[in-house]
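Each reported figure results from applying straightforward, stated rules to the coordinates on display, with no laboratory input. Note that the structure is predicted; figures quoted are calculated from it, not measured. Neighbour counts are summed over all protein chains in view; Cβ atoms, including those assigned to glycine, are modelled from backbone coordinates with ideal geometry.
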Amino acid sequence: MPNVEKTPRQTIRVDRELWDAAGAAVGPRNRGAVIRDFLRWLTHETDQLPERPAK
């Protein structure tokens with residue numbers, strides 16, 4: 001179980017079609033990891049952009 005104090009749940013609004021397509025691309029249980037990786041890149045915590053899955 002994740003450390004709730006360190007990683008509190010966040011709520012975002014995403015079009016259902018986009019959310020479903022992202023789940024199809026990376027797996028429904030991996031969307032959060034990809035979002036976190038993107039946020040790390042966006043905030044310059046890393047220079048490693050998340051790998052983009054094949055179409």
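Could you sort the peptides 40-51, 3-14, 22-33 by per-residue average Cβ neighbour count (10 Å cutoff), highest mean leading?
My ranking of the peptides, most packed first, is 22-33, 40-51, 3-14.
Among the listed values (1) -0.31, -1.16, -1.51; (2) -0.42, -1.05, -1.20; (3) -0.45, -1.21, -1.22, the one computed from these coordinates for log10 I(q)/I(0) by the Debye sum over Cα atoms at q = 0.14, 0.27, 0.31 Å⁻¹ is (3).
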